[in-house]
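Remarks on the structure that follows.
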Amino acid sequence: MSPGRSFFLNRINAQLAILILASLLVIHAVITASIFFSNRWNNAAAFDGDPAEFVSLVRLVAGTPADWRAPLLKQIAHSFPDLKLQAATVMPPPRNGAGVDRRLDFLNQRLSPVFHVVAAPSVARSGRDAAMFDVAVRLPDGTALKARLRPREGLPFLIGPITVTVLFIVISVTLLGLWAARALHRPLSRFAKAADGFDLDGEITELPERGPEEIRAVAKAFNQMRERIKKLVDDRTRMLAAMGHDLRTPITRLRLRSEFIAEKELRAQMLRDLDQMRAMTDGVLSFLRDEQTREAATSMDLATTLQTVCDQFADLGHAVTYEGPAHVRISGRPDDLQRAVANLVDNATRYGTHTVVRLTRSADCVCIAVEDDGPGIPDVRKDAMLEAFVRGEAARTMDDRSGFGLGLSIARIIAEAHGGALALRDRTQHGLIACITLPAAGLQMQTAVAAKVA
Amino acid sequence: MTKLPHILVVEDDREISGLVALYLRSNECRVTVTDSGREVYRLMNDSRIDLIVLDLMLPGEDGISLCRRLRTTSQVPIVILTGKGDEVDRILGLEMGADDYLSKPFNPRELLARIRAVLRRSAISALSPVTDAPRAFTFLGWRIDRVVRELRDPDGARIALTDAEFGLLQAFCERPGRILSRDQLLEVTQGRSAGLFERSIDVLVSRLRRKIESDPHQPSMIKTVRSGGYMFTPTVEIA
């Protein structure tokens, strides 16, 4: 809809009103036209021997004194030549073998029992007059009238005003319904799609602001709301990132200063605290990394990534083993996936004593299961655990290295960025299985792209 | 006294540079500190500098371009300090010719270990004809890239390696077809990653074999040499 149109015309109710008005006008015009044409047909029929005319004329003649009838009949014959109205002194005998003639019903309904109507024998006619039939009517005084009539036809009734009106109301209501459905459905499904595809990390595609005024207003409000949400999130992200960045300088200084602490125990404690702080800021910063600084997806060997994570934790003295194929090629972001799995293993080693990282692949997905033998997580807490800044303990104690509770949510975000998912499940005896599922089909598709890039 | 290595610390945070200087001095280094890139050239003219510790986040001329300019005129080893997660800076720094990097907040002991390792390497390369370390090697279709620190298999898939494994493979690629003793391997890989000192080279080799050999039990690339150590058999080309 062009913006040049008047404000009034752009509103839905105005458009509906115009549509209804226009369809009423069309209906009116059609009805008028149909009445006009059917009247013309009727008029033509009157001169061609319309039985209704004949009934009137019979009554007129019957009500006229006998000595006035001759000029009247003459006058009628002059005015209605096709009617062939004639006076007869005697009633002609009914036509042989006529049986019940349906064509006489109309006349009988209007003329019986005062008048007696019979079908008169008629000569065969051809052409336009083939349907004409002759009748004779006996008047109360014994004389008779003969005339040639045309049978009444049903057609004028069928295309009569009521039928036409109903037909056009049905058509216009259907059209109106279709128009309304289309006009409302299209923008609504656009909204649904836009709301559905609202991704803070992705590029915001503006919802097109077109259509009726109301729809445009909603689209505009929607776009503005999306911008506000993005701005809000961006502001918070920047604030958190600035904190993460700025904390590094004092942590670096403290780290250096602590090297000069003579007392060994005190120094060890301080280094532990500083490591914890560093882990937290690292966690926050990697959580906040935006799409621009995110590494590109590439062809990678997921199995060696998992082996590497297991080796790193094994070197720190944890019992972490890898079980799975030696090589599984997927397309993904190697550093991100390594971080995700490392976070899961870190969690597992914190709550359990033995951790197994299991890699399985099926036709349509690869599954990385990190299994521990710890106490597990109650079902009601599982979903909350995947959110940022939520930790297993209800109280936010800082006496361990669990950081801000970002580990699982970072793993979840990374899994989802790969088109996969992170789920927490209970292990059969006791313990927890954190399972990252990555789609194999999408990854295969990306592999081709990555290979082309490489 | 003259045998102490002379380290130039370029860092705009005076407290950090002061503390780094203090720490390095207490560990047998001679340290000069500056907070501006402009000072670097004057200081290099005034005295012999053995190594520069360069913070990439400098006011005025940033560390990256300083690093690039230094490389055009000098072979002095450079260790860069970057913020965590600033991958781009790290890669740029290494491409501009930095010898090693450390991300803040760093462990001072690790800084010292890296400085020593870089100094040792530069001392070795000063004696040997090989001057510039090549950016990447290829062998049997595999490609190991020193700057972005990645290994790709013949199909182009990235193979995850720890720092220690990467250092070991790099050492093999720099010396193909030669028998390398465990001590030698420890020596060349030292400093690439802190914590390697205690780790057995054998463990590293078996992990590396698991990742690159088609049959880790019948290794064809990294052969064990009885009584000697290990030998990297593929033909290595500089890419």
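Worth pointing out:
- Sum of side-chain charges, residue A:260 neighbourhood, beta-carbon under 14 Å (Lys, Arg +1; Asp, Glu -1): +4
- Taking other Cβ atoms within 10 Å as a rough exposure proxy, B:41, B:23 sort from fewest to most as B:41, B:23.
- Sites residue A:192 and residue A:353, calculated FRET efficiency, Cβ-Cβ separation with R0 56 Å, nearest 0.05: 0.70
- Partner lysines for residue A:220 [C-alpha distance under 28 Å; skip if fewer than 8 residues away on the same chain]: A:193, A:230, A:231
- Within-14-Å neighbourhood charge of residue A:19 [Cβ basis; K, R +1; D, E -1]: +2
- Counting, for every residue in B:158-168, the Cβ atoms of other protein chains within 10 Å of its Cβ and taking the mean gives 5.
- Under 5 Å, built H, 5+ apart or other chain: amide partners of residue B:82: B:102, B:103, B:104
- Annotation: amide H-H contacts under 5 Å for residue A:116 (H modelled 1.01 Å from N, sequence separation of 5 or more, or interchain): A:138.
- Extension reserve of the residue A:276-residue A:246 stretch, reckoned as 0.36 nm per residue once the Cα distance is removed: 9.2 nm
Rule-based calculations on the coordinates, nothing more; no lab input. Every value quoted in this text rests on a predicted model; they were computed, and no experiment measured them. Note that we place each Cβ from the backbone using ideal geometry, even for glycine, and neighbour counts take in every protein chain shown.
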